[in-house]
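A quick write-up on the structure given underneath.
The values are calculated or read from the model by the stated rules, or taken from the named source; none is laboratory data. The structure presented is a predicted model; accordingly, all values stated were derived computationally and were not measured. Using ideal geometry, Cβ is built from the backbone for each residue, glycine included, and neighbour counts are taken over all protein chains shown. Areas reflect the complete protein model, heavy atoms only, side chains present, ligands, DNA and RNA absent. Shrake-Rupley method; radii C 1.70, N 1.55, O 1.52, S 1.80 Å.
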Amino acid sequence: MTAVEERRPPALAATGLVRHFAVSGRPPKGERPPGPRRRRAVHAVDDVSLLVPAGTTLGVVGESGCGKSSLGRLLVGLDRPDQGRIEWAGEPAGAHRGRVQAVFQDPASALDPRMTVAAAIGEALPGLRGDALGARIAELLDVVGLDPELAERFPHQLSGGQQQRVCIARAIASDPALVLLDEAVSSLDASLQAQVVELLLQLQDRTHAAYVFISHDLRAVRAVSDRIAVMYLGQIVELAPAERFDLELLHPYSVALRSAEPHLPGDGHRIERIVLQGDPPSPIDPPPGCRFASRCPVAQDRCRSEAPELVERPDGHAVRCHFPGSLTPAVLPEEQLA
Ligand SMILES: Nc1ncnc2c1ncn2[C@@H]1O[C@H](COP(=O)(O)OP(=O)(O)OP(=O)(O)O)[C@@H](O)[C@H]1O
Ligand code: SF4
Ligand SMILES: [Mg+2]
């Protein structure tokens, strides 16, 4: 975090969040642990702490099932943690409920098919009536780049991109302090994604809202985030300023994730792809030791018995690994591209 960010009040501070989901039924025969029957649980979120200063974006990235949405739901109060604390603007979560908004991947299911655009946005503006309400809705549609004439349309009369803009207009209507964007641009094509991302950044400049931007797409996350958290099996394994995500990553999983990002002309260099062998262990009662050990190309004996802690360095770069920086991919100059 930069010195400027540190001076800003944190919009969101989460400490030690844990969310486990109980699993019914017994494990398959060969996988039953010895001893008495225990309740099994999916460790969706395990010991997650983070800070999102006002006016900044925290990106959260990681492969499917690593706990991104479960974490997002906790952060905006759609679910409650089993353990841990969330504060918004220095007060316990709940005190600012109206100032926290969320936008999800599928705009069609987020909008009521029986409500016009005006009615959907109007719901978020309970204090306004009549002309004042109409004028504010028109203004919000304009802000998200939609023609105010669309106000009387129903969701099925809009394209996917227009629907997503309506969701964003509704989310920003109440001047939120925190906006969760969970795969909010993932269903849009590349050019529309870029437009919506640009729009979100312009809105943030104006409103100083904090964003939590969740995606499985590291390139999209890098485009919007000030800092990025990499999740693996319910835990943050690396948390670093976005600019470090080019070549200064320390956790072997983040390095592999970065290396899998498609190369685009103009990147300046090409990172040799590291293909991880093996599948992630089950999130149900994960093994002791480092959760990444079964796939880590540089794992050592200690990794399988001793779980690493997330350790923050003085420069704000945090990593959960006994041997940070030990996996370095080959970096080739762009000219060597075939
Ligand atoms: N309500 C629930 N009950 C039981 N298990 C759940 C529940 N919600 C999530 N999980 C489990 O928790 C883990 C994390 O799921 P989550 O949806 O947070 O992952 P994700 O990183 O958002 O994945 P994706 O990229 O596919 O959206 C998964 O193993 C999932 O099956
Ligand atoms: S602790 Fe060991 S297994 Fe885990 S990421 Fe680091 S080197 Fe790999
Ligand atoms: Mg998800």
Where residues in the range 286-298 are free of Cβ contacts under 8 Å to residues at least 40 places away in the same chain and near ligand 2 (Cβ under 8 Å from one of its atoms), which of them is surrounded by the most Cβ atoms within 10 Å (Cβ to Cβ)?
-> C290
Counting only residues that are in contact (Cβ under 8 Å) with a residue 40 or more places away in the chain and at positive phi, the range 267-285 contains a total of 2
Only one of (1) free of Cβ contacts under 8 Å to residues at least 40 places away in the same chain; (2) closer than 19 Å to A44 by Cα; (3) of a type in the set (D, E); (4) not in a loop (DSSP other than H, G, I, E, B) is not met by E238, so which one is it?
-> (1)
So which residues in the range 211-225 are in contact with a Lys or Arg (Cβ under 9 Å, 6 or more places away or on another chain) and either among the β-branched types (V, I, T) or crowded, with 22+ Cβ neighbours inside 10 Å (or both)?
-> I214, S215
Matching residues in the range 299-338 (surrounded by fewer than 16 Cβ atoms within 10 Å (Cβ to Cβ), modelled with pLDDT under 95 and hydrophobic (A, V, I, L, M, F, W, C)) number 5
Looking for whichever is touching a residue at least 12 places away in the same chain (Cβ under 8 Å) and either in contact with a helix residue (DSSP H, G or I) (Cβ under 8 Å, 6 or more places away or on another chain) or assigned to a helix (DSSP H, G or I) (or both) here; the options are R170, R206, R114. Which one fits?
-> R170
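Yes or no, residue by residue, for (1) within 16 Å of ligand 1 (Cβ to nearest atom); (2) in a loop (DSSP other than H, G, I, E, B); (3) more than 17 Å from the chain's Cα centre (by Cα):
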{"residue": "A229", "(1), (2), (3)": "yes, no, no"}
{"residue": "R270", "(1), (2), (3)": "no, no, yes"}
{"residue": "P288", "(1), (2), (3)": "no, yes, yes"}
{"residue": "C296", "(1), (2), (3)": "no, yes, yes"}
{"residue": "A299", "(1), (2), (3)": "no, yes, yes"}
{"residue": "C321", "(1), (2), (3)": "no, yes, yes"}
Residue check for L264: in contact with a helix residue (DSSP H, G or I) (Cβ under 7 Å, 6 or more places away or on another chain) and either assigned to a loop (DSSP other than H, G, I, E, B) or open to solvent by 30 Å² or more (accessible area, probe 1.4 Å) (or both) | no
The range 301-315, residues that are within 16 Å of ligand 2 (Cβ to nearest atom) and assigned to a loop (DSSP other than H, G, I, E, B) = E306, A307, P308, E309, L310, R313
